[in-house]
Amino acid sequence: MKPFSEACERNREPILAVLREAFAHVHEVLEIGSGTGQHAVYFARHLPHLAWRTSDLLAHHIGINAWIADEALPNIELPIALDVRDERWPLNSVDGVYTANTLHIMDWPAVQAFFKGVGRVLGAGGVLAVYGPFNYGGRHTSASNERFDADLRSRGVGSGLRDFEAVDALAAAQGLVLEADHAMPANNRTLVWRRSA
């Protein structure tokens with residue numbers, strides 16, 4: 001039985017609208033943290049010009065493979081095992097990176113490692129798109145995000161909503177310039193950075 005996320009079903013269309021523009025001239029996208037695999041097959045189906053590369057920890061591969069097998073799309077690849085904390089990632093270069101609802105699940109050292117890894121694999125002129133909830137100026141953008149953040153932090157594993165300014169600084173350190181900050185449903189954002197050519 002395939003894993004299923006109701007949140008993926010709800011947010012996929014608004015995210016797709018952003019990715020159509022952000023990845024219009026991108027050829028190969030690495031999705032970091034493909035999770036259930038739902039986003040991967042949906043975006044691969046609606047963005048046929050892209051080669052969509054899935055990745056996640058091994059524990060999630062069975063579910064991702066099930067979604068890919070059911071769709072049988074020509075432009076999506078089976079997942080690679082990827083832990084953002086690894087010094088070397090198992091691929092050389094892509095011109096697009098996408099991730100959704102991951103930075104607030106990772107601890108801060110993993111978030112730092114994520115941006116360093118993106119810096120190693122994202123080519124000149126490449127695009128990074130990140131979906132999820134963020135704080136701005138150290139403040140929550142909604143009461144629901146404040147409750148969500150408190151719940152994440154109570155788990156004691158280093159999770160929590162990230163400050164936009166902090167992640168933008170990590171991106172800038174890798175030569176990425178913020179190109180767009182899109183408001184999304186349910187108090188989320190999609191941040192788009194481009195690497196200078």
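Points to keep in mind about this one:
- Close pairs (9 angstrom Cβ cut-off, 6 or more residues apart or separate chains): among the polar types (S, T, N, Q) and modelled with pLDDT of 95 or more in region 16-45, part of a loop (DSSP other than H, G, I, E, B) and open to solvent by 10 Å² or more (accessible area, probe 1.4 Å) anywhere: 36/2; 36/3; 36/4; 36/5; 38/2; 38/3; 38/4; 38/5
- So residue 124, is it of a type in the set (Gly, Ala, Ser) and touching a Lys or Arg at 6+ places or on another chain (Cβ under 8 Å): yes
- Considering only residues in region 162-197 that are in contact (Cβ under 8 Å) with a residue 60 or more places away in the chain and among the charged types (D, E, K, R), the one that is least open to solvent (accessible area, probe 1.4 Å) turns out to be 195.
- Of the criteria (1) without any contact (Cβ under 8 Å) to a residue 40 or more places away in the chain; (2) touching a Pro at 6+ places or on another chain (Cβ under 7 Å), which one residue 138 fails: (2)
- Checking 18, 29, 41 one by one, the residue that is in a strand (DSSP E or B) and either of a type outside the set (Phe, Trp, Tyr) or over 22 Å from residue 190 (Cβ atoms) (or both) is 29 and no other.
Residue by residue, here is whether (1) in contact with a Leu (Cβ under 6 Å, 6 or more places away or on another chain); (2) closer than 17 Å to residue 57 by Cβ holds:
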{"site": "72", "(1), (2)": "no, no"}
{"site": "81", "(1), (2)": "yes, yes"}
{"site": "85", "(1), (2)": "no, yes"}
{"site": "105", "(1), (2)": "no, yes"}
{"site": "109", "(1), (2)": "no, yes"}
{"site": "113", "(1), (2)": "no, yes"}
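Residue-by-condition table, conditions (1) closer than 20 Å to residue 7 by Cβ; (2) within 14 Å of the chain's Cα centre (by Cα); (3) among the acidic types (Asp, Glu):
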position: 23; (1), (2), (3): no, yes, no
position: 26; (1), (2), (3): no, no, no
position: 32; (1), (2), (3): yes, yes, no
position: 39; (1), (2), (3): yes, yes, no
position: 58; (1), (2), (3): no, no, no
position: 70; (1), (2), (3): yes, no, yes
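The values are calculated or read from the model by the stated rules, or taken from the named source; none is laboratory data. Every value quoted in this text rests on a predicted model; they were computed, and no experiment measured them. Counting neighbours? That spans all protein chains shown, and the Cβs are built from the backbone with ideal geometry, glycine included. Ligands, DNA and RNA are stripped out before the accessible areas are found, and what is left, the full protein with its side chains, is counted by its heavy atoms. Shrake-Rupley method; radii C 1.70, N 1.55, O 1.52, S 1.80 Å.
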